[in-house]
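Take a look at the structure below.
No lab work stands behind these numbers, since they all come straight from the coordinates. In this text the structure is predicted, and so the values were computed from the model without any measurement. All Cβ positions, glycine included, derive from the backbone under ideal geometry; neighbour counts span all protein chains shown.
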Amino acid sequence: MARAFVPKVVTANDLLEGDVIYLTADNQWSRHLHEAYIVTDTDQADQRLADSQGHANAVGIYLADVTLTGPEPVHFREDFRRRGPSNYHHGKQAAS
Amino acid sequence: MYSYSDFDAAFVTERNRQFRAQVERRIAGHLTEDEFKPLRLMNGLYLQLHAYMLRVAVPYGTMSGPQMHQLATIADTWDKGYGHFTTRQNIQFNWPRLRDVPDMLDALADVQMHAIQTSGNTIRNVTADHFAGAAQDELADPRPVAELLRQWSTDHPEFQFLPRKFKIAVTGSPNDRAVTRAHDIGLRMIERDGAIGFEVIVGGGMGRTPMIGKVLRDFLPQEDLLPYTEAVVSVWNLLGRRDNKYKSRIKITVHEHGIDAIRDMVEDRFTLLRSQFTGVDATHLARISKDFAAPAFVTQDTAPFDLAYQRDPVFRSWVDTNTSSHRAPGYAIAQISLKAHGQTPGDATSDQMRAMADLAERFGHNELRVSHEQNIVLPHVHKSNLPTVFAILQQHGLATANIGLVSDIIACPGMDYCALATARSIPIAQEIATRFDELGNEHDIGDLKIKISGCINACGHHHVGHIGILGLDRAGTETYQITLGGDHTETAALGVRTGPGFSAEDIVPAVERVIDTYLAIRTAPDETFLHCYNRVGMVPFKAALYTTSEHADAA
Ligand code: HEM
Ligand code: SF4
């Protein structure tokens, strides 16, 4: 049996700021994970990843696992990416 | 100190102009990221987890007051008011915006600094003993040679696309403070029949396959340094594996071909190259050496120092822990700890940078050093000025008396910043330092080097830590592996893994158990942790780590 597909978001870093960004439903980039569009199957994941490659303002585009509700990051690395470093109140956590 | 020639200044200006144009083309969409990435890396610009990072070279760790002032200005103008000093004697700015980087590079050029070859598959910033030119045990100042190597390697046409990065360290002292045995080339100055030369060590390194360097040449006359170094790099440039980046470093080349075969190839190539170096390098070295002439040391009464030392126990503790013997009478080498308990190892705010710059200008013959242990050094302070220096350091949160102790931890940026990390390292360092500050026993524990890396690349030197900590991702959880018995000095050794790793919650108590074990079994208070470990081996430490009730429960 094939393993159940883990929901994903398309994420990258912004070209100018370097900040973490997420692809939204309307193919824009958002600074907030909760605005990201959640892909729920492999075809959709491949499609959106391929579409996003042409976006000049996004660097290092990849798929990151999330939960369906929230979405919440599955891996701690993604949790840090959406928050900022733990030693200073810098990065996203400072903006929110 | 070395001062840019017209050639240097023109070179850096031109390089900055090129990079500014490259950044503009990237922003305008004329360069793809694949095209731009190698260009930005050649100029020290990384893209990390949350932002770009600019890595600025501090050649052989030496800086002047005005240079440190400029770093503070850069931190305030284009970053978040601080900088991170690293084990490779660089400084990293963690929050620059792409558009601002060309301006930052111009500001650096204004004070004769740059970020060239702080990344990429090139010869990197040449590092040196941070006590160079000041240490009592020194044969000669290694920095003229380091500067010669820097000039030779900067933009060297043959060595811009090496199989991988290449790191050179130089020491002029028998006490190795430059970790020469963990570099691609380590140079140890030695004297033979009255002439200065080098023991050339090759193939050391950390990363996923740590190796202690091997001696390639037991004595290389100083005048042969450049042709010989060029021979080493060019032999590796041809042999080094480009098919697999995990096997590309010279340590693997030496391992695969054997040191004797490499030596033969290097000697052959050296014979050829030697005739092509017509001696200009020796003439040039003589010129560079003048820039490193010792400062005009003064003779002054040390009475103010003696009095403060007698009367003030806080000052006395700082002097005993943070200063070292200087070769000039009446002088001391003062280390400024960037490891205040609970703070990020190696970080300094712009205010602290300015305070240190002022101290160097007023009391330190205008010199500062970055140590590979992520502290700042005032290499030349007359003892009579130490009480004032200490008082000013106190005002800026820079007077922590912990050099060489448990809380003087090397930590790489880890997953708080680094895109390659598998776990965080900074919070672990902060927690260990805070814990031992609470316990109040770090002076009793004595000389102990804890070194932490956030992944197997080992930027935090964990392989050579007396206690090394490596952060890993085990099934989606941060896990920390301990190694014991590493040594970064002239008796270099790699640490040995204790066994299974510990969770983020358990790692600090685990370190505490290791240290408690040492305290219980050391023969005398002056038996160091490392000596004790080398005497008794792993067994008692392993027992303390893995036979406690929690692990018994888990088993
Ligand atoms: C953007 C952040 C960084 C990246 C991407 C990075 C990358 C790497 C990689 C890939 C290696 C392994 C090289 C190999 O085994 O071939 C390495 C080694 C090393 N890095 Fe870093 N590093 C970073 C930050 C730092 C920092 C902050 C320091 C200084 C504190 C540092 C110092 C070192 C040292 C000393 C080594 C081990 C020596 C060696 O074998 O080259 N790195 N780094
Ligand atoms: S050791 Fe790993 S986590 Fe730490 S700075 Fe180096 S690459 Fe990043």
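For segment A:59-96, backbone nitrogen atoms closer than 16 Å to the point 7 Å from A:GLN44 Cα along Cα-to-C-beta are found at A:63-72.
Mean residue ellipticity, 222 nm, helices only, chain B: the sum of -39500 (n - 2.57) across DSSP H runs of n ≥ 4, divided by residue count and rounded to 500, is -12500 deg cm²/dmol.
Take the Cβ atoms of B:ARG535 and B:LEU420, set R0 to 45 Å, and the FRET efficiency comes out at 0.75. Hey, in chain B, which Cys have no second cysteine's beta-carbon closer than 4.7 Å? B:CYS418, B:CYS455, B:CYS532, each lacking another Cys Cβ under 4.7 Å.
Taken about its Cα centre, the protein assembly as shown carries a charge dipole of roughly 800 debye when the Cβ of each Lys and Arg holds +1 and the Cβ of each Asp and Glu holds -1.
Computed on segment B:303-395, the Cα convex hull volume stands at 96 Å³ per residue. Remark: mean inter-chain Cβ contacts per residue of B:340-346 equal 1, using a 10 Å Cβ-Cβ cutoff to other protein chain atoms. Remark: mean inter-chain Cβ contacts per residue of A:81-89 equal 6, using a 10 Å Cβ-Cβ cutoff to other protein chain atoms. Here segment A:1-38 is scanned for amide nitrogen atoms under 15 Å from the site 7 Å beyond the Cα of B:ASP473 along Cα-to-Cβ, giving A:9, A:11-12. Of the DSSP H helices in chain B, those with a Cα length along their own long axis of 18 Å or more and a mean Kyte-Doolittle hydropathy reaching 0.0 comprise B:225-239, B:426-439, B:504-521.
Secondary-structure-derived ellipticity at 222 nm for chain A, considering helices only, amounts to -6500 deg cm²/dmol, per-run term -39500 (n - 2.57) for DSSP H runs with n ≥ 4. Rg over Rh for chain B works out to 0.95, both radii taken from alpha-carbon positions and Rh defined as the Kirkwood radius.
For segment A:8-95, a crude dipole built from +1 on the beta carbon of Lys and Arg and -1 on the beta carbon of Asp and Glu, taken about the Cα centre, is about 340 debye to the nearest 20. Geometric descriptor of the protein assembly as shown, per residue, is 176 Å³ (volume of the convex hull of the Cα atoms). On the principal axes of its alpha carbon atoms, segment B:410-554 extends 44, 41, 28 Å, with the longest extent given first. Using R0 = 35 Å, the C-beta based FRET efficiency linking B:SER5 and B:ASP103 works out to 0.90.
Annotation for B:ALA520 and A:ALA4: the two label points, set 7 Å from Cα along the Cα-Cβ direction, are 4.7 nm apart. The charge dipole of chain B, taken about the Cα centre with unit charges on the Cβ atoms of Lys, Arg (+1) and Asp, Glu (-1), comes to about 1180 debye, rounded to the nearest 20. Could you list log10 I(q)/I(0) for segment B:142-290 at q = 0.10 Å⁻¹, which the Debye formula gives when each Cα is one point scatterer? Debye output, listed in q order: -0.32.
Only Cα pairs under 8 Å and 6+ residues apart enter the sum, and on that basis the relative contact order of chain B stands at 13 percent. Residues of A:73-80, mean number of Cβ from any other protein chain within 10 Å of their own Cβ, rounded to a whole number? Mean inter-chain Cβ contacts per residue within 10 Å come to 4.
The mean of 1/r over all distinct Cα pairs in segment B:341-447, once inverted, gives the Kirkwood hydrodynamic radius of 15.2 Å.
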